[in-house]
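Colleague: Starting off with a structure, shown below.
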Amino acid sequence: MSKKIIILNGSPRKSGNTTALTAEFKRGAEEAGNTVTEFFLDDMNINGCKGCFGGGKNPDSPCVQKDDMDKIYPVYKDADIVVLATPLYYWTISGQLKTAFDRLFAVAECDPNYRNPKKESVLIMAAEGYGFEETLYWYEHLEKHLGWKSSGKVLCGGVMAMGDIAGKPELQEAYNLGKSIQ
Ligand SMILES: Cc1cc2nc3c(=O)[nH]c(=O)nc-3n(C[C@H](O)[C@H](O)[C@H](O)COP(=O)(O)O)c2cc1C
């Protein structure tokens with residue numbers, strides 16, 4: 001059965017290493033018959049969560065703030081799999097991804113017990129070094145809290161400049177992970 005996949009891409013570099021990985025993931029996933037929608041968060045007008053606990057009244061536009069998150073909410077709602085894609089920034093995810101992810105709290109607010117919609121997820125990352133531990137710690141806790149199941153991770157260290165990723169085996173890994181989804 002084909003799946004609906006949303007990619008939240010938190011890299012500001014459209015020709016960068018993270019996007020090279022998401023492109024391969026997407027190619028594999030689409031070849032396997034899945035539907036993939038990728039959002040380049042840096043291109044979008046997305047404000048930070050205000051922590052007002054006032055959302056969740058309208059499932060189609062659950063946040064009190066009206067901005068480009070309204071393009072993401074319906075795709076997120078329909079998605080079976082959420083791909084979190086980001087460069088490693090100071091041992092964690094980029095601000096672009098964190099900001100958008102915080103705003104998904106408004107979707108949980110649609111449930112009286114703040115239950116999140118059940119999803120699978122994928123983590124895709126690029127970094128100059130290999131210090132992914134803190135992000136993996138965060139990802140594991142996030143999964144547990146949301147009740148999500150991880151379908152896989154692609155972590156590519158040793159890439160700094162745009163293009164450094166050429167020839168790296170993680171590109172094939174990303175393709176294979178996408179292709180394995182059905
Ligand atoms: C603000 C900033 C913080 C970064 N912090 C780290 C870091 O903590 N560890 C690391 O290995 N690389 C770090 N990097 C390097 C990026 O992770 C690396 O260049 C990555 O390939 C960028 O991905 P992109 O091409 O998708 O933008 C940082 C880069 C920037 C711009």
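Colleague: Counting only heavy atoms of the protein chains, get the accessible area per residue of the chain (1.4 Å probe) and round it to a whole Å² value.
Modeller: Numbers: 8850 Å² over 182 residues.
Heavy-atom SASA per residue in the chain reads 49 Å².
Colleague: Hey, another quick one. For the chain, set up a Gaussian network in which alpha carbons nearer than 10 Å are linked by springs, and say which option among 79, 127, 166 fluctuates the most.
Modeller: 166
Colleague: For the residue pair residue 47 and residue 138, what label-to-label distance in nm results when each label sits 7 Å from Cα along the Cα-to-beta-carbon direction?
Modeller: 2.3
Colleague: Where the centroid of each part is defined by its Cα atoms, how far is the range 134-182 from the range 90-112 in Å?
Modeller: First find each Cα centre; the distance between them is then 18 Å.
Colleague: Carbon-plus-sulfur fraction of the accessible area of the range 64-132, 1.4 Å probe, in percent?
Modeller: Ligands and nucleic acids excluded, carbon and sulfur give 56 percent.
Colleague: Explain nothing, just compute: Karplus ³J(HN,Hα) = 6.51 cos²θ - 1.76 cosθ + 1.60, θ = phi - 60°, for every residue of the range 23-36 in order, whole Hz, x for Gly and Pro.
Modeller: Once rounded to whole Hz, the list reads 5, 5, 4, 4, 4, x, 5, 6, 4, 7, x, 8, 9, 10.
Colleague: 5 Å is the cut-off here: which amide hydrogens, built 1.01 Å from N in the peptide plane, fall below it relative to residue 151, excluding neighbours closer than 5 in sequence?
Modeller: Counting only residues 5 or more places away or on other chains, the set is 121, 122.
Colleague: Report the gain in length on full extension from residue 91 to residue 14: 0.36 nm times residue separation, minus Cα-Cα distance, nm rounded to one decimal.
Modeller: 25.6 nm
Colleague: When DSSP beta bridges are limited to those with both residues in the chain, what percentage is antiparallel, rounded to the nearest 5? Could you put the intermediate results ahead of the total?
Modeller: Numbers: 1 of 26 bridges.
If we restrict to bridges inside the chain, about 5 percent are antiparallel.
Colleague: For residue 50, which aspartates and glutamates qualify as cross-link partners when the Cα separation must be under 18 Å and same-chain residues fewer than eight apart are set aside?
Modeller: Output for residue 50: 67, 68, 70, 102, 109.
Colleague: Can you tell me the order of 131-144, 90-103 when each peptide is scored by its average per-residue count of other Cβ atoms within 10 angstrom, highest first?
Modeller: My ranking of the peptides, most packed first, is 90-103, 131-144.
Colleague: If you don't mind, there's one more thing I want to ask. Please compare each pair in 3/168; 14/144; 4/144; 77/118; 118/144 to a cut-off of 19 Å on the Cα-Cα distance and tell me which ones are over it.
Modeller: 3/168; 14/144; 4/144
Colleague: While we're looking at this one, here's another question. Among 165, 44, 54, whose Cα lies farthest out toward the positive end of the dipole of the chain, if unit charges sit on the beta carbon of Lys, Arg (+1) and Asp, Glu (-1)?
Modeller: Of the candidates, 54 comes out farthest on the positive side.
The values are calculated or read from the model by the stated rules, or taken from the named source; none is laboratory data. What you are looking at is a predicted structure, and each value in this text was computed from that prediction instead of being measured. All Cβ positions, even for glycine, are placed from backbone atoms using ideal geometry, and neighbour counts span all protein chains on display. Side chains included, ligands, DNA and RNA excluded: accessible areas come from the protein's heavy atoms. Shrake-Rupley method; radii C 1.70, N 1.55, O 1.52, S 1.80 Å.
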